[in-house]
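This report concerns only the one structure given below.
What follows is calculated from the coordinates using simple rules that are stated; it is not laboratory data. What you are looking at is a predicted structure, and each value in this text was computed from that prediction instead of being measured. Glycine also receives a Cβ, built like all others from the backbone with ideal geometry; neighbour counts cover every protein chain displayed.
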Amino acid sequence: MRASWDIFCSVIDNFGDIGVTWRLARQLVAEHDQAVRLWVDDLETFCRLCPQANPLEARQVHAGVTVQRWLQHASHPHQPVDAADVVIEAFACQLPEDYIDAMARRARPSLWLNLEYLSAEDWVDGCHGLPSLQPRGLQKYFFFPGFTPQTGGLLREANLIEERRRFQQDPAARQLFLNRLGIRPHKNSRLVSLFAYENKSLSSWLNTLAADNKATHLLVPPGRIIANLQEWLGVKQLSEGDQYQRGALNVQLLPFLSQQDYDRLLWSCDFNVVRGEDSFVRAQWAGKPFLWHIYPQQNNAHIEKLDAFLRLYCQGLSPATSTALQAHWHAWNSGQNMAQSEQALEKTWPELEAHSEAWCTKLSAQINISTALVQFFRKWI
Ligand code: TRH
């Protein structure tokens, strides 16, 4: 059944909100043949992820998704439109009042879902799918992504894992991709990507890599860590394409990539540093060891979320590897010196590599968010 969907995305900061909703919208169209309109209050940020889009165009269609500018200010009342069969407010953004009226006016009111942030905490299992009473006869439900079968799963395109494995088994495809981006690592150097928030740990980590007897080629797309990197390199302004050699470490600045190319970058690297929500999930689909910079929250609330994920992720690891991994992630997320934990982690490498692939296989047996949403709607009607 082809239903209409309105997804509302308010870009708070960074790329996570739009990254997740844009990916979801594309998947609902491509894999479930749904009619999707994505409301975005910041088309400039959307254009970073979809470079063919025009930030001045109020309504445009990309990948079969109608992308609609959402003017949120009081001076711009919401455009009168028919409400969709399914309405997703992403990450608890506030829907326009007159749109809520339109949802209630329909012969069969819209299904209203709040797509929540990803968390591995236990309580998520019990809260996924719970209703929240609304006025005007509307029904709203909490939809929680997650890592267990009791949640709504993770965003994963239908053929993603097969495509990724094919790419990784084809050295020529990898080489072609790296060449296209101007990446030419030395034969034996390990390839590492870095996408993170500001982080005081960076200098000690880079010092360790520069002093290592193994060469590292570090690839850095634009992101909030750049200021720390400039400081460590002792340069005022880093630009796309710049390269610097410090000891065994080669640092290369990349442009901001499309989501598809960013995936390929993660698949091509031996180790990925990722952040937030969407790149964190993509690193898991890459089947490679990774380091997560969790979105920092007040009063260190994020550390509990970090530990909740580590509890799941470390299941099946030997005690030594589990300890090394946790120490590494904790050091990175609390701005501590990384020298010791980096050396300890490197010793666990073969086990960590095998675990990353096994974790991906295990997770990919779970439902993906777009399928879970379509099923949720079918059960509801
Ligand atoms: O940008 P983020 O820090 O987003 C965060 C988180 O989602 C966080 O939970 C949320 O509270 C906050 O935003 C508001 O990190 P994230 O989630 O990884 O999103 C980055 C997106 O950018 C992701 O879709 C991958 C994409 N990306 C590219 O497409 N090209 C690139 O070159 C890079 C580096 C990223």
> Which whole-number percentage describes the relative contact order of the range 160-364, with Cα contacts under 8 Å and a sequence gap of 6 or more?
Replying inline: 22
>> Suppose every Lys and Arg Cβ carries +1 and every Asp and Glu Cβ carries -1, with no other charges. What dipole size does the range 160-364 come out with about its Cα centre, to the nearest 20 debye?
In response: 280
> Relative contact order (percent) for the chain, with alpha-carbon contacts under 8 angstrom and 6 or more residues of separation?
Replying inline: 14
> Out of residues 5 or more away from residue 190 or on other chains, whose amide H comes under 5 Å of its own, with H placed 1.01 Å from N in the peptide plane?
Replying inline: 215, 216, 217
> For the chain, modelled as a Gaussian network with Cα springs under 10 Å, which listed residue fluctuates most, 365, 308, 104?
Replying inline: 365
> Hey, how much of the P(r) for the range 160-364 falls beyond 26 Å, as a percent of Cα pairs?
Replying inline: 30
>> Which lysines, if any, have their Cα less than 21 Å from the Cα of residue 379, not counting same-chain residues under 8 positions apart?
In response: 140
>> Please arrange 9, 127 by how many other C-beta atoms lie within 10 Å of their C-beta, fewest to most.
In response: 127, 9
> For all pairs of alpha-carbon atoms in the range 185-232, what percent lies in each bin of width 10 Å, listed from the first bin to the last filled one?
Replying inline: 25, 54, 20, 0
> Tell me, how many Å apart are the Cα centres for the range 196-238 and for the range 115-141?
Replying inline: 40
> Which shape class, rounded, prolate or oblate, goes with the range 1-105 when its Cα gyration tensor gives a ≥ b ≥ c as root eigenvalues, a/c under 1.5 marks rounded, and past that a/b bigger than b/c marks prolate?
Replying inline: oblate
>> Placing unit charges on C-beta atoms (Lys and Arg positive, Asp and Glu negative, everything else neutral), compute the dipole magnitude of the chain about its Cα centre in debye, rounded to 20.
In response: 660
>> Highest mean first, how do 159-169, 230-240, 245-255 rank when packing is the count of other Cβ atoms within 10 Å averaged over residues?
In response: 245-255, 159-169, 230-240
> So who's got an amide H within less than 5 Å of the one on residue 62, skipping anything under 5 residues away but keeping other chains? H placed 1.01 Å off N, in plane.
Replying inline: 67
> Which of the listed residues, 123, 62, 94, is farthest toward the dipole's positive end in the chain, when Lys, Arg count +1 and Asp, Glu count -1 at the beta-carbon?
Replying inline: 62
> Rounded to the nearest 5, what is the percent of antiparallel bridges among the DSSP beta bridges in the chain?
Replying inline: 20
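Only Cα pairs under 8 Å and at least 6 apart count here; give the relative contact order of the range 21-65 as a rounded whole percent. All intermediate terms of the calculation are to be shown ahead of the outcome.
Details: 35 pairs, mean separation 18.4, N = 45.
41 percent.
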> So how far, in whole Å, is the C-alpha centre of the range 15-32 from the one of the range 162-186?
Replying inline: 25
> So for the pair residue 125, residue 258, with labels modelled 7 Å out along Cα→Cβ, what separation do we get in nm?
Replying inline: 4.0
> Hey, what D do you get for the chain in µm²/s if you plug the Kirkwood alpha-carbon radius into Stokes-Einstein at 4 °C and 1.567 mPa s?
Replying inline: 59
> Along the three principal axes, how long is the range 331-381 when you take its alpha carbons, biggest first, rounded to the nearest angstrom?
Replying inline: 56, 27, 9
> What percent antiparallel are the DSSP beta bridges of the range 160-364, to the nearest 5?
Replying inline: 20
>> Kirkwood hydrodynamic radius, the range 258-381, all distinct C-alpha pairs: what's the number in Å?
In response: 15.8
